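> Quick one: the structure is below, and I'll ask about it shortly.
The values are calculated or read from the model by the stated rules, or taken from the named source; none is laboratory data. Here the structure is a predicted model, which means the values were calculated and not measured. Neighbour counts are summed over all protein chains in view; Cβ atoms, including those assigned to glycine, are modelled from backbone coordinates with ideal geometry. Quick note on the areas: whole protein, heavy atoms, side chains included, nothing else; ligands and nucleic acids left out. Shrake-Rupley method; radii C 1.70, N 1.55, O 1.52, S 1.80 Å.
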Amino acid sequence: MNPQNPFDFWYAVNNTELISTPDNRLETFGDTIVNYYLVTELMDSIDKVRIREGHLKALKPEIITPQGLGQMDLDDFGPEARQYAEWLKEHAGDLRILQYGFKVHKQELKEYVVSDPVETVLDRVKQEVEGRNDPLSAILLGVDEPWEVCLLKLMVELVQNSARSNMQDIRKQIGVSEQTLAQKIDQTFLDASRDPAKISGLADLLKENGLWEQYEDRFFALVRSSER
């Protein structure tokens, strides 16, 4: 990343519009391929528009431990996208979008420049994508540099929209219903109140199930009680 422009990734984030997103959410027990169409105006050029077509691959989500919170594989992405991901990791507790360990890979298939107003190009792309009837397609209007951040913003949106359902699917697969999980948490609170050595395990249980914020006050009340 250019040290003279430390907020380039925010420029891309703030100027990326998700025109359409996939009809389907990300798969819970398998990989998901999203077909993206990124439309960007060329810098310092009038009515010159670049269209990038490619795939984003999101590997199946997994519940991870707090030590792995916010891990994301971005080997194919540029420095601005990496810096945006670092910001997301630091604020994962607020955003709650990376705690399932999604990994992202991108594959560029086609890139070309056309001479037309961006609105005209965007309408043309929308018509072409609608004609393909692809439930896993996404159209973005973004910036030409750093354009990879635009793709990462798309993945953030997809994870946010899929995370709750993915977690519910995973719980059902492992045979833990909402009621059973609540009972398990109550019992773990009781065990930890009698044996402070089990408090750490209680914290892991809450975070692994995405329930930390719901039980945070109760947890710290337990910690204060154990200290007394």
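> Tell me which residues, restricted to the range 176-228, are open to solvent by less than 50 Å² (accessible area, probe 1.4 Å), part of a loop (DSSP other than H, G, I, E, B) and more than 25 Å from ARG164 (Cβ to Cβ).
none
> Quick one: which residue in GLN107, GLN83, GLN71 is modelled with pLDDT of 80 or more and out of contact with any Leu (no Cβ under 7 Å at 6 or more places or on another chain)?
Working: GLN107 fails: modelled with pLDDT of 80 or more; GLN71 fails: modelled with pLDDT of 80 or more.
Just one listed residue meets the conditions, GLN83.
> Pairs needed: first member in the range 116-137, within 16 Å of LEU38 (Cβ to Cβ); second member anywhere, small (Gly, Ala, Ser) and surrounded by fewer than 12 Cβ atoms within 10 Å (Cβ to Cβ); C-beta distance under 6 Å; at least 6 residues apart or different chains.
none
> Now, a different point. Looking only at the range 11-24, count how many residues are surrounded by 15 or more Cβ atoms within 10 Å (Cβ to Cβ) and either over 24 Å from GLU128 (Cα atoms) or modelled with pLDDT under 85 (or both).
Qualifying residue count, the range 11-24: 3.
> With respect to LEU222, is the statement that it is out of contact with any strand residue (DSSP E or B) (no Cβ under 8 Å at 6 or more places or on another chain) and closer than 23 Å to PRO61 by Cβ true? It would help to see each step written out before you state the result.
On the way: out of contact with any strand residue (DSSP E or B) (no Cβ under 8 Å at 6 or more places or on another chain): yes; closer than 23 Å to PRO61 by Cβ: no.
Considered against the rule, which asks whether it is out of contact with any strand residue (DSSP E or B) (no Cβ under 8 Å at 6 or more places or on another chain) and closer than 23 Å to PRO61 by Cβ, LEU222 comes out as no.
> Quick check on my filter: what residues within the range 29-57 are closer than 18 Å to VAL156 by Cβ, touching a helix residue (DSSP H, G or I) at 6+ places or on another chain (Cβ under 9 Å) and surrounded by fewer than 20 Cβ atoms within 10 Å (Cβ to Cβ)?
Passing the criteria: ASN35, GLY54.
> Take the conditions modelled with pLDDT of 90 or more, of a type outside the set (A, V, I, L, M) and on the phi < 0 side of the Ramachandran plot and apply them to GLY142. Does it pass? Full working, then the answer.
Values: modelled with pLDDT of 90 or more: yes; of a type outside the set (A, V, I, L, M): yes; on the phi < 0 side of the Ramachandran plot: yes.
Answer is yes for this residue.
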